[in-house]
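The values are calculated or read from the model by the stated rules, or taken from the named source; none is laboratory data. Note that the coordinates shown come from a computational prediction; the quantities given were computed from them, not determined experimentally. FYI the Cβ positions are ideal-geometry reconstructions off the backbone, even for glycines, and counts take in every protein chain you see.
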């Protein structure tokens, strides 16, 4: 959840739920007798939480306002107060620049230096409002140009503008500036984990508005990883200035071996997905071109169907869209084509419960790579009956076991392992459904 706090810059807020029951897999299963309550708060210790689009847009607006003030500056008290207000805004932006994760440290330092130079010239004008007046008492005559800070401030404003480019709606027809190409960076994220996505859930309709899209993404992303295990594949890969608004975008699937980029959308979002992947490709080629060749829209993705874990009477049908770079899915009643019927429910025996606990305990302690964790879970699930696997992935047993084991491992502190917990839950669901459909 975003909130405007300083100089119109949006920063995330923590969302705190009350009277809401969520198990260790972050499955919301009860609103509570007295209704659900949501509280929000900001943790000031957070870093890297400000979007480059937000902060640069705010900076550009402040510079435009500053230009207007300097152009008409006459030295009266109201002009000085306006200049003080704008200098305060620049100070806030100066402090927030360090939190912009899209820029290199050198890039942040260069922007901060230019802001400091503008502020310094403004301070000269604030301390001596008449410094730029002509002998006749009017402003902007610049008879004392060598000592008038307005001229130098305007030079610095143009310099920082040339570094940052123009604002407005993002479009591939408008290239990034040389400064942006040299100082923006693409990077891996942990954004795809269930815990971080859960913070965006601000309404009560968990199944429709949160779980559905989240699980669909995880199923498709993990399916792609399984298909291209020999390639370097990243999910939720951050590419600066690749959203329509000019903020940082997150490509759902990036294959560093084939140079393909994919965006995952439900069938009614394919057109939007095509626009997004276009920006991922063009901005990626400007900022973080692959070692060889260029980024391109993905063209190869096999169609497949899975039992839908939230409702065994439904299926998720996935295919490559007619738009290159877009993977499309729809959740619907089973077509009974290439989708096995849901198996009968089979109670999980105590011995299997213990084996699940032992496996999860081992994963939490060893913290294996995603591929090794996947192999461990796959070996375990392959030894269970189809009905047993189905019981695991649809009844929340894994989440219950996680809660027990995590309490044992950490003395009751769940939060530090939230990302790992989410990946374990997701792996059980995705791999379990894949095994069911392969039998």
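I need the full set of residues from the stretch 313-339 which are at pLDDT below 85 and surrounded by fewer than 16 Cβ atoms within 10 Å (Cβ to Cβ), in order please. Passing the criteria: 313, 335, 336, 337, 338.
From the list 124, 114, 119, 108, pick out the single residue that is modelled with pLDDT of 90 or more, within 30 Å of residue 250 (Cα to Cα) and over 20 Å from the mean Cα position of the chain (by Cα). Explain how you work it out, then say what you get.
Working: 124 fails: within 30 Å of residue 250 (Cα to Cα); 119 fails: within 30 Å of residue 250 (Cα to Cα); 108 fails: modelled with pLDDT of 90 or more.
Just a single option satisfies the conditions, and that option is 114.
Exactly one residue out of 411, 396 is modelled with pLDDT under 80, surrounded by fewer than 19 Cβ atoms within 10 Å (Cβ to Cβ), more than 30 Å from residue 274 (Cα to Cα) and in contact with a strand residue (DSSP E or B) (Cβ under 8 Å, 6 or more places away or on another chain): that is 396.
With respect to residue 422, is the statement that it is at pLDDT below 70 and either in the same structural domain as residue 226 (by TED's automatic domain parsing) or within 22 Å of residue 225 (Cα to Cα) (or both) true? Criteria met by residue 422. Screening 135, 146, 130 for residues that are assigned to a helix (DSSP H, G or I) and either at pLDDT below 90 or touching a strand residue (DSSP E or B) at 6+ places or on another chain (Cβ under 7 Å) (or both) leaves exactly one candidate, 146. Among the residues that make up the stretch 74-84, is at least one of them within 13 Å of residue 59 (Cβ to Cβ) and either in a helix (DSSP H, G or I) or free of Cβ contacts under 8 Å to residues at least 60 places away in the same chain (or both)? Checked the stretch 74-84: no residue is within 13 Å of residue 59 (Cβ to Cβ) and either in a helix (DSSP H, G or I) or free of Cβ contacts under 8 Å to residues at least 60 places away in the same chain (or both).
Looking at the stretch 217-236, can you tell me whether even one residue there is modelled with pLDDT under 75 and surrounded by fewer than 22 Cβ atoms within 10 Å (Cβ to Cβ)? Steps first, answer last, please.
Of the stretch 217-236, the ones modelled with pLDDT under 75 are 229-230.
Remaining after also requiring surrounded by fewer than 22 Cβ atoms within 10 Å (Cβ to Cβ): 229-230.
Checked against the condition, which is being modelled with pLDDT under 75 and surrounded by fewer than 22 Cβ atoms within 10 Å (Cβ to Cβ), the stretch 217-236 yields at least one hit.
Does the stretch 184-192 contain at least one residue that is assigned to a helix (DSSP H, G or I), surrounded by 15 or more Cβ atoms within 10 Å (Cβ to Cβ) and modelled with pLDDT under 90? No: the stretch 184-192 contains no residue that is assigned to a helix (DSSP H, G or I), surrounded by 15 or more Cβ atoms within 10 Å (Cβ to Cβ) and modelled with pLDDT under 90.
Please tell me if residue 202 is at pLDDT 90 or above, over 30 Å from residue 106 (Cα atoms), over 12 Å from the mean Cα position of the chain (by Cα) and not assigned by TED's automatic domain parsing to the domain that holds residue 434.
Values: at pLDDT 90 or above: no; over 30 Å from residue 106 (Cα atoms): yes; over 12 Å from the mean Cα position of the chain (by Cα): yes; not assigned by TED's automatic domain parsing to the domain that holds residue 434: yes.
No, not satisfied.
The residues of the stretch 169-183 that are within 19 Å of residue 110 (Cα to Cα) and surrounded by 13 or more Cβ atoms within 10 Å (Cβ to Cβ), listed by number, are 176, 177, 179, 180, 181, 182, 183.
Only one of the numbered conditions (1) assigned to a helix (DSSP H, G or I); (2) touching a strand residue (DSSP E or B) at 6+ places or on another chain (Cβ under 7 Å); (3) modelled with pLDDT under 80 is not met by residue 58, and that is (3).
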